[in-house]
Amino acid sequence: MNHKDRRDRLLGKRPNIRPLEILNDGGYSTDIKILWVGHKLSPFLGLPQDIPQDQFVMEIIKFSNRGDLYVVDDSNSEYDKRGVIALIAVKNDGWKVEPHVEFFPWATKKNILRTVVAFFQMVRNSRKVGVCIIKSLKDSVNLLNHCIKYFPPGVLWKVGKIPNGDERGDEYLFSIKGRKG
C-alpha cells in the first residue's frame with residue numbers, strides 16, 4: 001500500500017479542523033465549555049488546574065491574540081456523532097508555523113493519529129505556509145515517526161534532536177514544507 005492509499009484509508013472520515021469559537025449568543029461557546037472540561041481533567045501546558053473559569057477564558061483569549069487556535073472534531077464514543085477531541089495552537093510568523101496540540105483525555109489513539117495526519121496534510125497544501133516546524137518530546141516521537149509513512153518521501157522530515165531542549169527533557173524536531181514561495 002502506498003502513502004496516498006494509506007492516508008486516504010486513514011482519513012476516510014476526515015477530522016474537521018476549524019477555528020476555535022470563543023463566544024456565541026452573549027455567552028461562552030460550546031467549544032470553550034469543552035476546553036474547560038478538558039483542562040479540568042488534564043491541565044493544559046502552562047495553566048494551573050485550579051484556575052477559575054473566567055481566568056481560564058481570559059488566558060484562552062490571550063493565546064488567541066498571539067496565534068491561531070483551532071479545535072478538532074472527530075468521531076468518539078463520548079459524543080453521539082462527532083465532537084471536540086483536541087485544541088491546536090499555531091504560532092505563525094508569516095512564513096513558519098509551529099503547532100502545539102492538546103488532546104483531551106477522551107481522544108483515542110486513532111483520533112490522535114488522524115488529527116496529526118490531517119493537520120500535516122492541511123499545512124502541506126497551504127499556500128500560506130512556508131514551513132511547519134514540529135517540536136516534540138520523547139513520548140510523541142513514535143507517533144511522528146509513524147506519520148512519515150502517510151506522506152511521500154521528503155515531505156515530513158525528521159530533522160534531529162536537541163538534548164535538554166525543553167524543561168521536560170529532550171526535544172525532537174520534524175518539519176514539513178508548505179506551498180508558499
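The values are calculated or read from the model by the stated rules, or taken from the named source; none is laboratory data. Keep in mind the model is a prediction, meaning the values are calculated, not measured. So basically every Cβ, Gly included, is an ideal-geometry build from the backbone, and we count neighbours across all protein chains shown. With ligands, DNA and RNA removed, areas are computed over all heavy atoms of the protein, side chains included. Shrake-Rupley method; radii C 1.70, N 1.55, O 1.52, S 1.80 Å.
Of note, Val116 does not satisfy the criterion of being within 19 Å of the chain's Cα centre (by Cα) and assigned to a strand (DSSP E or B). Whether a residue is open to solvent by 30 Å² or more (accessible area, probe 1.4 Å), modelled with pLDDT under 95, touching a strand residue (DSSP E or B) at 6+ places or on another chain (Cβ under 9 Å) and under 17 Å from Ile32 (Cα atoms) was assessed, and Asp68 passes this test.
Residues satisfying the criterion are present in the stretch 85-94 (criterion: among the polar types (S, T, N, Q), under 22 Å from Ser175 (Cβ atoms) and open to solvent by 50 Å² or more (accessible area, probe 1.4 Å)).
Answer yes or no as to whether Ala89 is within 28 Å of Lys40 (Cα to Cα), part of a strand (DSSP E or B) and in contact with a strand residue (DSSP E or B) (Cβ under 7 Å, 6 or more places away or on another chain).
yes
If the condition is being out of contact with any helix residue (DSSP H, G or I) (no Cβ under 6 Å at 6 or more places or on another chain), open to solvent by less than 20 Å² (accessible area, probe 1.4 Å) and either of a type in the set (S, T, N, Q) or free of Cβ contacts under 8 Å to residues at least 60 places away in the same chain (or both), then the stretch 108-132 contributes Asn111, Thr115, Phe120, Val123, Gly130. For the stretch 1-54, residues that are under 30 Å from His146 (Cα atoms), more than 21 Å from the chain's Cα centre (by Cα) and in a loop (DSSP other than H, G, I, E, B) total 2.
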